[in-house]
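Worksheet for the structure shown next.
The numbers here are math on the coordinates, done by the rules we state, and not lab data. The shown structure was predicted, so the numbers you read here are calculated from the model rather than taken from an experiment. Cβ placement follows ideal geometry from the backbone for every residue including glycine, while neighbour counts extend to all protein chains displayed.
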Amino acid sequence: MELYIDDAEIKTISRLIDLYPIDGVTTNPSILARTGKDPAEVLQEIRDIIGEDRTLFIQAVAPDTEGIVEDARKISEVFGKNTIVKIAAVPEGFKAMSILKKEGIRTCGTVVYTPLQAYLAAKAGAEYVAPYVNRIDNMGYEGVATVKKIQDIFDSNGYDCKILGASFRNCNQVLELCTYGIGAVTCSADVIDSFVRNAAIDAAVKDFADDFRKLTGKDSMREVLK
Ligand code: G3P
């Protein structure tokens with residue numbers, strides 16, 4: 001399962017990229033707005049930090065098909081081949097996805113709340129679809145179950161479209177989808193850190209270090225190896 005950071009804060013991205021096996025960064029207009037900075041500069045800084053080989057997701061903002069297609073062409077031109085254009089899974093967006101597919105511009109159907117939205121995005125040529133797990137939960141429906149249903153639709157219809165699970169509030173939501181074999185998730189720093197936030201893990205790591213120090217007086221293996 002691919003793992004992305006759903007954030008545009010440079011410090012946060014730098015820390016996570018340094019520590020974890022991260023495949024890239026996803027953004028949307030609200031995430032960019034939270035930085036309070038020029039989006040062109042922030043996105044370029046993110047591209048510089050993650051390098052050319054990791055994937056950057058950037059959302060088209062224009063409301064009509066023509067505008068979405070123009071946004072997507074510009075995003076693709078400025079940020080390179082490992083950039084995927086997020087497009088809202090609404091009628092104007094599906095049309096844009098079909099046009100962009102023919103041009104070889106990679107897209108992700110986003111703002112996905114229902115399985116049939118995901119079906120339409122996949123059929124229109126999106127490479128990814130992004131269902132919003134926690135927002136679906138907050139509406140009183142089942143976010144994880146919705147994503148599993150989307151995966152079943154793709155499998156049973158033979159759609160070559162990956163799910164990018166989004167909008168998580170806890171690691172259990174991610175765990176269930178990882179177990180089910182979905183293609184990708186994007187998470188906040190807090191959720192990614194929570195994969196290993198556990199007192200038992202910390203205690204075990206500390207015990208090993210303490211025992212080694214008691215035995216050798218040293219903090220590293222290289223200090224004792226001849
Ligand atoms: O990228 C879109 C998705 O991650 C939204 O998440 O946290 O605003 O529900 P959230």
* Asked: More than 33 Å apart: what percent of Cα pairs in the chain qualify?
  -> 23 percent
* To do: Using just the helices of the chain, give the 222 nm mean residue ellipticity in deg cm²/dmol: DSSP H runs with n ≥ 4 each add -39,500 (n - 2.57), and the total is spread over all residues, rounded to 500.
  => -16000 deg cm²/dmol
* To do: Within 10 Å, count the other beta carbons around each residue, average over each peptide in 79-89, 93-103, and list them highest first.
  => 79-89, 93-103
* Treating cross-link reach as a plain straight distance, find the lysines whose alpha-carbon is under 23 Å from the alpha-carbon of Lys148, omitting any fewer than eight places away in the same chain. => Lys86, Lys123, Lys162
* For the stretch 90-161 and the stretch 204-226, write down the distance between their C-alpha centroids in whole Å. => 50 Å
* Angle, helix 171-180 long axis vs. longest principal axis of the chain, Cα atoms, 0 to 90°, nearest 10? -> 70 degrees
